[in-house]
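K.L.:
This is the structure I want to talk about, given as structure tokens.
The values are calculated or read from the model by the stated rules, or taken from the named source; none is laboratory data. Remember, predicted model here, so these are calculated numbers, not experimental data. Neighbour counts run over all protein chains shown; Cβ positions are idealised from the backbone, glycine included.
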């Protein structure tokens, strides 16, 4: 299949990119890695008259370790999330999500911003980002605005991103020393497959009594958007970590999801696996704390 004809822009600043978005509106599509956009253009799913390359936006290609936060440029390659030492040392669940995404070829092209903006319910990176309390920075000609990632998704393929806005960065608070996080996914194959279910968990323990001071559990492929499992979090909050507690949290997480049946798996199977996956990511998070 051939690509349709289109105009090609290559802005050198965020301001220039936002000007193009404002001028051409819905007829322009941003291009980062292109792993989704190029396929959809060939299939005729989208037909932009203009493509806006983000390759030369240098501020969108950096991973920065600041005093209290980590800032990841939206055009950062998934492969870089795996290789970067800051990510490995401080955000291991995000690194695990990146390792689970596609094949090496895809990871060398795909970007973190593209994975978020595709708003796929089964995307690998959002659950890990959600448990780290990630925020996304959206730029327009009026300037930047920051949105919690949990408020960014509206439905399959739908976000709060306006037609004149560009996602430029993801910001995360640096986790404290007494914390850990984990990510897991379940698919028919290990690579190049859409997950049947995926999820992540984050735990921070009270250094005085070892109880769970802060907890976040996130799930993908079990609802129209990546979700926080609030009932599982409530079961864990203020408790001392244990195998039995993690089993209870997994059972509670089943009530947080509304999965569908498709050719990859049935709704009942997805619910059953939710319980298992939540228990395992909680165990991973606790092991990180105990290292």
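Conditions (1) assigned by TED's automatic domain parsing to the domain that holds residue 79; (2) under 22 Å from residue 258 (Cα atoms); (3) part of a loop (DSSP other than H, G, I, E, B); (4) out of contact with any strand residue (DSSP E or B) (no Cβ under 8 Å at 6 or more places or on another chain), marked per residue:
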position: 137; (1), (2), (3), (4): yes, no, no, no
position: 144; (1), (2), (3), (4): yes, no, no, no
position: 163; (1), (2), (3), (4): yes, no, yes, yes
position: 169; (1), (2), (3), (4): yes, no, no, no
position: 184; (1), (2), (3), (4): no, yes, no, no
position: 194; (1), (2), (3), (4): no, yes, yes, yes
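K.L.:
Scan region 51-61 and tell me whether some residue there is assigned to a helix (DSSP H, G or I), out of contact with any helix residue (DSSP H, G or I) (no Cβ under 8 Å at 6 or more places or on another chain) and surrounded by 15 or more Cβ atoms within 10 Å (Cβ to Cβ).
P.N.:
Within region 51-61, none of the residues are assigned to a helix (DSSP H, G or I), out of contact with any helix residue (DSSP H, G or I) (no Cβ under 8 Å at 6 or more places or on another chain) and surrounded by 15 or more Cβ atoms within 10 Å (Cβ to Cβ).
K.L.:
On the given criteria, is residue 247 modelled with pLDDT under 95, surrounded by fewer than 20 Cβ atoms within 10 Å (Cβ to Cβ) and not assigned by TED's automatic domain parsing to the domain that holds residue 97?
P.N.:
Here the answer is no, as residue 247 does not meet what is asked.
K.L.:
Taking the conditions exactly as written (over 18 Å from the mean Cα position of the chain (by Cα), free of Cβ contacts under 8 Å to residues at least 12 places away in the same chain and either crowded, with 22+ Cβ neighbours inside 10 Å or over 25 Å from residue 159 (Cα atoms) (or both)), does residue 204 satisfy them or not?
P.N.:
No: the conditions fail for residue 204.
K.L.:
Okay, moving on. Would you confirm, using the coordinates I've provided, whether residue 148 is without any contact (Cβ under 8 Å) to a residue 24 or more places away in the chain and under 30 Å from residue 287 (Cα atoms)?
P.N.:
Yes: the conditions hold for residue 148.
K.L.:
Shifting gears a bit: With 112, 72 as the choices, which residue is at pLDDT 95 or above and under 22 Å from residue 177 (Cα atoms)?
P.N.:
72
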